[in-house]
Structures are given as structure tokens and as C-alpha cells.
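Structure record follows, encoded as C-alpha cells.
The values are calculated or read from the model by the stated rules, or taken from the named source; none is laboratory data. This structure is a prediction, so every number in the text was calculated from the model and none was measured. Cβ: placed from backbone, ideal geometry, glycine included. Neighbour counts: every protein chain shown. Ligands, DNA and RNA are stripped out before the accessible areas are found, and what is left, the full protein with its side chains, is counted by its heavy atoms. Shrake-Rupley method; radii C 1.70, N 1.55, O 1.52, S 1.80 Å.
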Amino acid sequence: MSTAAEAREDQRIQQDVLAELAWDAEAQPNEIGVSVERGVVTLTGWVDSSARRWAATRCAQRVRGVRAVADDIEVDLPGSPGATDPEIAIAAGRALEWDSFVPAERLDVTVANGWVMLRGEVEFGWQRRAAERELRRLRGVRGITNLIEVRPPAPTDTDRMLRDVRRALGRAVGTERVSVAVDGDTLVISGVVRSWWERDQAERVAWSAPGVRAVEDQLLVGE
């Protein structure tokens, strides 16, 4: 692609990302700037919650032609009651307890300056993701550090795990350009997918497999 064509494509992507941010109610209100270079989108500015920051990033990822997203958005919480660290910690504990798929009794939550630290152990990778997803929506949360460890209840049958993941990927996104391998305790997915939606689906499949302790996502988004 020529430089002029790349510039035109970047301009189109920028306009589309801005339109998507204006369209998505979960990303509003915001003060977000968008720049694009060779399909890589950089988001800057501020939002009033971690949930809106996440929504803004998802908006950019949904736009056709986006190859990667750099999130430089800051969370600027309004100075209103209900956003103190103790209150966030209480709300986080309740949110985990209400999720029947998350073993809340095995998790520990600490909060400092609006930043949530998650520790503990779960049996499946999808439980680790579910716990973080529950807390990301809470008011007052600036960000989350997820240190939950995945400890499968039984020894992992690596060959069976790889076979099951490949089959699941075939059902979800197709496997013609996605490879799966094991590196120590980590499941590595690599290759090229057509969209961020496919990338998310592939990562979801990888984390859902029994016996997976960690996932390294090396997938690229391309045509």
C-alpha cells in the first residue's frame, strides 16, 4: 500500500473509531483523542471509570482495519461519595460472592487509591477472567491487577488439551491460520485472525480449556 493510500486508510479508521465512541453508550461521556498510524490506534484523554476505559478500547477494536490498540486513557474519578477504597473493597467482595461461577472464598481483594489487586487460586482459567470482569464494572475502580493463579484439580493431559482446543477453535473461528502449542505451563496461540472479535474468541477458547494455567496470545489481526 502506498503512503498516500495508508494515510487515507488511517484517516478513515480514525473517523470510524470516533464515530464508534460516540455511538456506544457505555463509553459516554468521555474526552478521548484518537490517532492512527498504519492501522495502530492510540487512545488518549480521560474517562470517569475503569469500565468506560474498557468500553472505549473495545470500541476501537471493533472497527474494521484496526491492527492494534494502544490505550493511554487515564481514569479521572469524580469527587463524589461512594468511591472510597473500603467501599470499593466491600462492593468487590459482594460482586464476587454473587457470581456463582467464581469461588469467592478462595480469592482476596485489596484496594489502594481505587486500584484493585486480585489474589488467590481458581481451578479454571475462565474463572480468573470472570472475576476480573465482575470488578471492572464497579464504580470507583481505576484499574485491576489480576494475580489469581490457575491450579487445575488434576494433572493436565497435554495432548488431549491441545486436541480439544483445536477442535473448539475450529467451531469458533476456524483454525486454518491459528496454531496452538504448549510452552511449559503456558498455552500459546499464534497466527492471524480476521478481526479483534475472532482474536477475543480464540483467547476465550484457550482460557476455557481444562488444565490451562496460563495463555500467551500471539495472534495478529490482519486480512
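Brief remarks on what is shown
- The range 113-215: GluC sites (Glu not before Pro) in DSSP coil with no more than 16 other Cβ atoms inside 10 Å: Glu123, Glu176
- Sequence-ordered 3J(HN,Hα) estimates for the range 39-49 from the Karplus curve with 6.51, -1.76 and 1.60 and θ = phi - 60° stand at x, 8, 9, 10, 9, 10, x, 8, 9, 9, 6 Hz, glycine and proline given as x.
- Note that the range 87-182 shows a convex hull volume over its alpha carbon atoms of 126 Å³ per residue.
- Top of Leu147, Leu18, Leu187 by mean-square fluctuation, Gaussian network on the chain, Cα under 10 Å: Leu147
- Accessible area in square angstrom per residue, the range 84-223, 1.4 angstrom probe: 55
- Rg(Cα)/(2.2 N^0.38 Å) for the range 33-139, N = residue count: 1.23
- Radius, Kirkwood style, for the chain when every pair of distinct Cα atoms is counted (Å): 19.1
- Distance in nm between pseudo-label sites at Glu9 and Asn113 (7 Å out along the Cβ direction from Cα): 4.0
- As an equivalent ellipsoid, the range 161-223 spans semi-axes of 18, 12, 10 angstrom, where each value is the square root of five times an eigenvalue of the C-alpha gyration tensor, largest first.
- Cβ-based net charge around Gly120, under 11 Å, with every Lys or Arg adding one and every Asp or Glu removing one: 0
- Residues whose amide H falls under 5 Å from that of Glu121, counting only those 5 or more places apart or on a different chain, are Glu149, with hydrogens built in the peptide plane.
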